[in-house]
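Undergrad: One structure, pasted below without further comment.
The values are calculated or read from the model by the stated rules, or taken from the named source; none is laboratory data. This structure is a prediction, so every number in the text was calculated from the model and none was measured. Cβ: placed from backbone, ideal geometry, glycine included. Neighbour counts: every protein chain shown. To get the accessible areas, we keep the full protein, side chains included, count just its heavy atoms, and leave off ligands, DNA and RNA. Shrake-Rupley method; radii C 1.70, N 1.55, O 1.52, S 1.80 Å.
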Amino acid sequence: MKHLAAGLTLTAVVTALLVWGFGAAALIPGLVFGALATAIQMAAGLFLRRAVGKPFEQLLKAWGMGMGLRVLGMFLFLAAVLADRTLFPPVPTALAFVGVLIPLMFSDIRTIR
Amino acid sequence: MTVGQGPNIGEMVLHHTADAWTIDLFPFGEIHLPRWADIHVGSLTINLSPTKHVVYLAIAALLVFLTMWLAGRALRRQQAGQQAPKGFAAGMEGMVLFVRNDIAIANIGENGARYAPLVMTLFFFILFANLLGLLPWGASPTGNLAVTGALALLVFLTVEIGGMIQLGARGYLGTIFPHPPGMHGPAAVAFSLFMAPIEILGKLVKPFALAVRLFGNMTAGHFVILSLFGIIFLFGDIQGWNWAIGGVTALAVVGVMMLELFVAFLQAYVFALLSAVFIGMMQHEH
């Protein structure tokens, strides 16, 4: 729940910054890709927490699955931009995704520790 | 940008690397730094208005202070609780001990501990200044020859003044007017006078090399990254290839950024190491 709250707070902050910088057009990409980044991090965190304390191969596999989800998020970004460039302008959409995902990734360190 | 009117990549690269009176925070606008009046010293006109690099120098200095202060506080708390150093404080302790023991003391010798604070300050300050250029909206003050020149001048003065104190007036003059052991009389004087320009040049070349090496390495990395980005603008409008060009360029930029991360640490290490070596050479001059 802590990660979800952090993700949603970050989504709100990043979206507000993007709307300030790029105008109202950044509102939907900010909310959608901020929420997507939060969902991906929640799933990746879940995989990792389940593997903590198990053999190293399983921990590595769980971490790899999380990273795979993050790469999938990149492809979703590409798909969204290609599908509707007006609704998902590339720069605000990319910034919304990495702006939420990267700070949340630091929570993985705490989980592993 | 219209088709057929390509962007000026050179101008774009210089705009991002050169010093300026403004800090660009796209898309949130830009900060205009205050402009102060010129100061006239004789025929010399000096302007001390803060520039982008001055602001980032101040940020680097603040980060060095905060890092060391927080690490020191955490270490004291852990020691008071009879705990072994851990986490961030343990990491910083490892880096500080490495710079102190393996760079300063190992290369300067018995006086190494006396110069260790200077070498450590140089290492961490240059490291933070280098790393600031890799952050969004950031700039590397070490990509400015005036900054690296000032740091090299500091090392030069330390080497020479430290040498004067350690060797005494006669010993220090011996580093400018050397003569081989056993040579006396007019031959020794002639030899010393002949060697003096070479020795003086040798003294000046060392800080010059320090300044240019750090400046060159930090500037070159940013030039490579920005030039690679320029490929997108130059060839990105080729139909059917634009996504491939964008993808390959982005991968290349990520690779060079990772190399730059390594170079930021390496150049801070090289500057600190060579400073310690030059101080040590002068301290043990015969």
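Undergrad: Using a 1.4 angstrom probe on heavy atoms only, work out the carbon and sulfur share of the accessible area of the protein assembly as shown in %.
TA: Values: 16920 of 22970 Å².
Within the protein assembly as shown, the accessible surface is 74 percent carbon and sulfur.
Undergrad: Mean projection of the alpha-carbon convex hull of region B:58-152 over all orientations, in nm²?
TA: On the way: hull surface 29.5 nm².
Taking the Cα atoms of region B:58-152, their convex hull projects to 7.4 nm² on average.
Undergrad: Provide the per residue accessible area, probe 1.4 Å, for region B:113-190, rounded to a whole number of square angstrom. Each step should come with its number before you reach the end.
TA: Values: 3770 Å² over 78 residues.
Result: 48 Å² per residue.
Undergrad: Based on alpha-carbon atoms only, what is the radius of gyration of chain A relative to the globular estimate 2.2 N^0.38 Å? Mind dumping the intermediate values first?
TA: Details: Rg = 14.9 Å, N = 113, 2.2 N^0.38 = 13.3 Å.
In units of the 2.2 N^0.38 Å rule of thumb, it is 1.12.
Undergrad: Beyond 14 Å, what percent of the Cα pairs of region B:153-237 remain?
TA: Values: 2675 of 3570 pairs.
Roughly 75 percent, rounded to a whole number.
Undergrad: Further question: In 5 Å bins starting at zero, report the fraction of Cα pairs in region B:143-286 per bin as a rounded %.
TA: Histogram of Cα-Cα distances, whole percents per bin: 2, 9, 13, 14, 12, 10, 9, 7, 6, 5, 4, 4, 3, 2, 1, 0, 0.
Undergrad: Give me D for region B:1-123 in µm² s⁻¹, whole number, from Stokes-Einstein with Rh from the Kirkwood sum over alpha-carbon pairs, 10 °C and 1.306 mPa s.
TA: On the way: Rh = 19.2 Å.
After rounding, the answer is 83 µm²/s.
Undergrad: How big is the A-B contact in terms of buried accessible area, both chains counted, 1.4 Å probe, rounded to the nearest 100 Å²? Can you show the working numbers first?
TA: Details: alone 6850 and 16680 Å², together 22970 Å².
Chains A and B together bury roughly 600 Å² of accessible area.
Undergrad: Give me the count of lysine pairs in the protein assembly as shown whose alpha carbons sit under 27 angstrom apart, restricted to pairs 8 or more positions apart or on different chains.
TA: Values: A:2/A:54; A:2/A:61; A:2/B:86; A:54/B:86.
Eligible lysine pairs with Cα atoms under 27 Å apart amount to 4.
Undergrad: Same structure, new question: Which is farthest toward the positive dipole end of chain A among A:11, A:107, A:79, measuring Cα position about the Cα centre, with Cβ charges +1 (Lys, Arg) and -1 (Asp, Glu)?
TA: The one lying farthest along the dipole's positive direction is A:107.
Undergrad: What is the mean number of Cβ atoms from other protein chains located within 10 Å of the Cβ atom of each residue in peptide A:88-95, rounded to a whole number? Intermediate results must be reported in sequence, preceding the final value.
TA: Values: counts 0, 0, 1, 2, 1, 0, 0, 2.
Per residue, the average neighbour count from other chains is 1.
Undergrad: I would also like to ask the following. What's the percent breakdown of Cα-Cα distances in region B:24-93 across 10 Å bins, shortest bin first?
TA: Calculated over all Cα pairs of region B:24-93, the distribution is 17, 25, 20, 19, 14, 5, 0 percent.
Undergrad: Would you calculate, for chain B, the mean residue ellipticity at 222 nm contributed by helices, counting each DSSP H stretch of 4 or more residues as -39,500 (n - 2.57) and dividing by all residues, to the nearest 500? Let's see the in-between values first.
TA: Working: 7 runs with 195 residues, N = 286.
Computed mean residue ellipticity for chain B: -24500 deg cm²/dmol.
Undergrad: Stick to the Cα atoms of the protein assembly as shown, pair each with every other, and give me the Kirkwood hydrodynamic radius in Å at one decimal.
TA: Details: mean 1/r = 0.0393 Å⁻¹.
After inverting the pairwise mean of 1/r, the radius is 25.4 Å.
Undergrad: For residue B:69, what accessible surface area do you get with a 1.4 Å probe? Give it in Å², rounded to 10.
TA: Estimated to the nearest 10 Å², residue B:69 gives 120 Å².
Undergrad: Send over the per residue convex hull volume for region B:150-195, Cα only, as a whole number of Å³. Provide the component values of the computation, followed by the final result.
TA: Numbers: hull volume 3.6 nm³, N = 46.
Roughly 78 Å³ of hull volume per residue.
Undergrad: For residue B:157, what accessible surface area do you get with a 1.4 Å probe? Give it in Å², rounded to 10.
TA: 80 Å²
Undergrad: Right, something else. Which of the listed residues, B:187, B:162, B:238, is farthest toward the dipole's positive end in chain B, when Lys, Arg count +1 and Asp, Glu count -1 at the beta-carbon?
TA: B:162
Undergrad: Same structure, new question: Would you calculate a helix-derived [θ] at 222 nm for chain A, using -39,500 (n - 2.57) for each DSSP H run of n ≥ 4 and dividing by the full residue count, to the nearest 500?
TA: Details: 4 runs with 97 residues, N = 113.
That calculation yields -30500 deg cm²/dmol at 222 nm.
Undergrad: Normalized C-alpha radius of gyration of region A:65-113, against 2.2 N^0.38 Å?
TA: On the way: Rg = 12.8 Å, N = 49, 2.2 N^0.38 = 9.7 Å.
In units of the 2.2 N^0.38 Å rule of thumb, it is 1.33.
Undergrad: Then there's this: If you split all Cα-Cα distances of region B:193-272 into 5 Å bins from zero, what percentages do you get per bin, shortest first?
TA: 3, 13, 17, 14, 12, 10, 9, 7, 6, 4, 3, 2, 1, 0, 0
Undergrad: Tell me the Rg and the Dmax, in Å, that the Cα atoms of chain B produce.
TA: 24.0, 82
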